[in-house]
Amino acid sequence: MRLLQVCIAVCGFSFWAVFAHAQAWVQIEAQPSEASALERAADYASRLPDVNAFRTGTNWHVIALGPYGEDEARLKLLELRVSREVPSDAFVSDGRSFQDQVFGDGRQAALPGSGAETPADPLPPLEPGEETVTEARQGERQLSREERAELQVALKWEGFYNSTIDASFGPGTRRAMAAWQEAQRYEPTGVLTTLQRRELIEGYQSVVRSLDIRPLVDPTLGIEVDIPAQMVEFDRYDAPFAHFKPTTDDGVRLVLISQSGDTTTLAALYDILQTLEVAPVDGPRALRRDSFTIEGSNDKITSYIYARVASGTVKGYALIWPQGDDKRFRLALSAMQESFRTNSGVLPDNAGSGPQNIDLLSGLEIRRAERARSGFFIDGEGTVLTTYEAVRQCGRITLNEATEADIAAEDTGLGLAILKPRQTLAPLSVARLAAVEPRLQSDVAVSGFSFGGVLSAPSLTYGTLADLKGLNGDDRVQRLSVISEPGDAGGPVFDGSGAVMGMLLDRGASARKLPDDVAFAADAPVLAEFLSANGVNPAAADPGEEMAPEDLTLLAADLTVLVSCWN
């Protein structure tokens, strides 16, 4: 009854005497025939009170709950929507289109055209919710500039207004008001009535109260900003960040940024933040001369990060919000954007004692790829050969976590894929495929990112060539005796001279549990045929002498590539 109590306070006791005679209905369905209307009404009546059905002037039949006072009807509608007992498009009706009643307990008031006895009392005057446009405009003229601006703010929060908050009700504001009225099933006049204004403002203010936006002044950081104090609280410093942890199950997080630096520091921070989980890859971002913004969104979070150079410091904030709560996110973010100020303080570089973890950067989790495998350069433009398993169903593929690439060709049967970088690369070395068949039991070396990119360079693992065929006699693959890790898949297999005699395949493709030292590689002729069929001409190795282990290590590091799959 909150809206009703507000109206009583504003309009006086005499209004209450009028309001008590008003009636309204919660209209929940319309059916094209009386039979279907009676069936649906009976179904609702088994679960809800006050169910009625009426024929309308268009021969359709409506199912409605009531009669109630208008404010009571709106509260009833809200309760039923929350409990999902009525359709989401149910609305409050004045019942003027209702005619003959075909279902109900007879408790309804007299209805226009229904044939029921007309009440002796005259019809009540229009309620505030039913003001004429002229009366609504008269009410608008009594609003202060602050009240008019607040209506625009509320319309903006609801998503109907996207222009300047200027307290002027021009065409844009009128269109926003009409759109809001239509969404609430009011007549879209573009002029809000007294009750409509109160409903709009109350909805906005209730969210403001739920966030409890308050000013924060932190001399240690040299930052002043309004924050959603109901959602977060200070946790710790971990330079260059101040961490605010969630206080509710929503999981909202806030990070304030403060460090000494200049535009170079700003640019480095911009690059680093984009490697973190708090900055999802989908979203706009921009680095300017003295500031940057990073927006990101995925199926879990929405985030906004801002920083700028200010008097020899870099300061900013990151707001991380759960996905699906856009209105409150926009409201909290708007408050931070409008209030953010900097002063002379700055967080010391050694501030904080957060957890030491290779997956954390100053307390923020580093984004990791869904899969990390290996590959190797096969031409001077940076084309990479890898396994199909490494890149299947990837939203984004990167080479060495720096260059995005696309799948140029694939063979799911052989388990091979060719990747083309989106920008031309200049590899220090490219693979040279062995031109002669290797000797059984000869030494081999597998180069790969065994630990999925945790190490900055590939590892070289030594073993032997156990067979020129697979276990089932497949002469396209070689069987190796070598201990390998999942991250090694796609890496080159070298013979003693440094020629690439094959590419390590994914062990997970086997349905059998094999000994740990059993691995398989697609042999050089198969690789050459696949590459040539897709327009890539691989280089052939010249017969050479044994390569020293240290030279082979350098060669492997130059041509082996970390292939990462991101989703």
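Please pick out the residue among R47, R40 that is in the same structural domain as S93 (by TED's automatic domain parsing), among the basic types (K, R), surrounded by 19 or more Cβ atoms within 10 Å (Cβ to Cβ) and not in a strand (DSSP E or B).
The unique qualifying residue is R40.
Regarding G324, is this residue at positive phi and either surrounded by fewer than 19 Cβ atoms within 10 Å (Cβ to Cβ) or over 18 Å from the mean Cα position of the chain (by Cα) (or both)?
Criteria met by G324.
Any idea which of (1) modelled with pLDDT of 85 or more; (2) within 25 Å of Q184 (Cβ to Cβ); (3) not aromatic (F, W, Y) is the one A45 doesn't satisfy?
Answer for A45: the failing condition is (2).
Just to be sure I understand, how many residues within the range 167-189 are over 22 Å from V92 (Cα atoms) and surrounded by fewer than 18 Cβ atoms within 10 Å (Cβ to Cβ)?
Going through the range 167-189 one residue at a time, the tally reaches 7.
Quick check, is A466 buried (at least 21 other Cβ atoms within 10 Å of the Cβ), touching a strand residue (DSSP E or B) at 6+ places or on another chain (Cβ under 8 Å) and either charged (D, E, K, R) or assigned by TED's automatic domain parsing to the domain that holds L562 (or both)?
The answer is no for A466.
Please note which helices (runs of 4 or more DSSP H) are completely contained in the range 125-191 and include at least 1 residues that are touching a residue at least 40 places away in the same chain (Cβ under 8 Å).
Answer list for the range 125-191: 133-141, 145-158.
Considering only the range 127-179, how many residues are under 16 Å from E199 (Cβ atoms) and of a type in the set (V, I, T)?
Within the range 127-179, residues that are under 16 Å from E199 (Cβ atoms) and of a type in the set (V, I, T) number 1.
Taking the options L414, L433, L385, name whichever one is modelled with pLDDT under 90, surrounded by 17 or more Cβ atoms within 10 Å (Cβ to Cβ) and closer than 27 Å to K469 by Cβ.
L414
Give me a count of the residues in the range 217-253 that are in contact with a helix residue (DSSP H, G or I) (Cβ under 9 Å, 6 or more places away or on another chain) and in a strand (DSSP E or B).
5
Six or more apart or on different chains, Cβ atoms under 8 Å: show the pairs whose first residue is in the range 437-454 and assigned by TED's automatic domain parsing to the domain that holds F376 and under 14 Å from R373 (Cβ atoms) and whose second is acidic (D, E) and assigned to a loop (DSSP other than H, G, I, E, B).
G448/E485; S450/E485; F451/E485; G453/E401
Is one or more of the residues making up the range 158-166 surrounded by fewer than 18 Cβ atoms within 10 Å (Cβ to Cβ) and hydroxyl-bearing (S, T, Y)?
Yes - at least one qualifying residue is present in the range 158-166.
With the checklist (1) surrounded by 16 or more Cβ atoms within 10 Å (Cβ to Cβ); (2) within 28 Å of N567 (Cβ to Cβ) in hand, flag the one item D282 doesn't pass.
(1)
Kindly establish whether A30 is within 42 Å of the chain's Cα centre (by Cα), at pLDDT 80 or above and in the same structural domain as S97 (by TED's automatic domain parsing).
Yes: the conditions hold for A30.
Within the range 143-151, can one find any residue that is surrounded by 19 or more Cβ atoms within 10 Å (Cβ to Cβ) and among the charged types (D, E, K, R)?
Yes, the range 143-151 has at least one match.
Would you say A499 is farther than 22 Å from A372 by Cα, crowded, with 21+ Cβ neighbours inside 10 Å, touching a residue at least 60 places away in the same chain (Cβ under 8 Å) and aliphatic (A, V, I, L, M)?
So A499 fits the description; yes.
Going through the range 50-107 one residue at a time, which ones are modelled with pLDDT under 80 and assigned to a strand (DSSP E or B)?
Correct list: T56 only.
For the range 208-229, which positions are free of Cβ contacts under 8 Å to residues at least 40 places away in the same chain and either within 12 Å of L254 (Cβ to Cβ) or among the β-branched types (V, I, T) (or both)?
Within the range 208-229, L216, V217, A229 meet the criteria.
In the range 154-208, how many residues are over 23 Å from L78 (Cα atoms), among the hydroxyl-bearing types (S, T, Y) and under 25 Å from the mean Cα position of the chain (by Cα)?
Counting residues in the range 154-208 that are over 23 Å from L78 (Cα atoms), among the hydroxyl-bearing types (S, T, Y) and under 25 Å from the mean Cα position of the chain (by Cα) gives 2.
Would it be correct to say that I305 is among the β-branched types (V, I, T) and in contact with a helix residue (DSSP H, G or I) (Cβ under 9 Å, 6 or more places away or on another chain)?
Spelling it out, I305 is indeed among the β-branched types (V, I, T) and in contact with a helix residue (DSSP H, G or I) (Cβ under 9 Å, 6 or more places away or on another chain).
The values are calculated or read from the model by the stated rules, or taken from the named source; none is laboratory data. Note that this is a predicted model, so its numbers are computed, not measured. For neighbour counting, all protein chains shown are included, and Cβ atoms are generated from backbone atoms with ideal geometry for every residue, glycine included.
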